[in-house]
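Input: a single structure, listed below in structure tokens.
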Amino acid sequence: MREYKLVVLGCAGVGKSALTVQFVQGIFVEKYDPTIEDSYRKAVEIDDQQCMLELLDTAGTEQFTAMRDLYMKNGQGFLLVYSITAQSTFVELQDIREQILRVKDQDNVPMVLAGNKSDLEDERTIGKDQGYTLSKQFSCSFYETSAKASINVQDVFHDLVRQINSRSPPQNMKKKKHWICSLI
């Protein structure tokens, strides 16, 4: 079973932990408890392949940004989360993405942009079109999610795995050699 290291990044309070726990355990965590770092493992089947996802739920607070380089160095795919109700969380993603690309020393890495808290439509300050525009700028996928209503939660993680697979397919998906035998 192939393992995937996925890292969830974004500002404090955007719902990184809520998305991760909703995906792993199928429950919504109502209470906000700032994360330092939490790691989860979940076995899933994606495109008929068994996968073991190792999810790293990171701190969004400034005092833990020094730990980010290590997350980024070891991560294979990145979920960048902002809250559709807070402009500052959207703006901050530019710096986070630049840091990922610098640490990975690559121009493009598997990445998904998630505008979380889509269930709070009446509190929206960032339009869906703004998220879509940023995803085009980042050359990545875009989803609006809701950990509370479980909207697109599975999709964002599965998308990351598919992006990783498209860059380096699992062994059993690579072309198999066919042996031709002839009897004389």
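Readers should treat all values here as calculations from the given coordinates under stated rules, not as data from a laboratory. Small disclaimer: the values here were computed from a predicted structure and weren't measured. FYI the Cβ positions are ideal-geometry reconstructions off the backbone, even for glycines, and counts take in every protein chain you see.
Non-local amide H neighbours of GLU144 (under 5 Å, H modeled in plane, Pro and chain starts lacking H): which ones?
The list, which skips near neighbours in sequence, is GLY115.
Give me the extension gain from LYS104 to GLN50: residue separation times 0.36 nm, minus the current Cα-Cα distance, reported in nm with one decimal.
Length gained between LYS104 and GLN50: 16.8 nm.
Considering the dipole of the range 1-143 built from charges on the beta carbon (Lys and Arg +1, Asp and Glu -1) around the Cα centre, which of VAL29, PRO110, LEU80 is farthest to its positive end?
In the range 1-143, that residue is PRO110.
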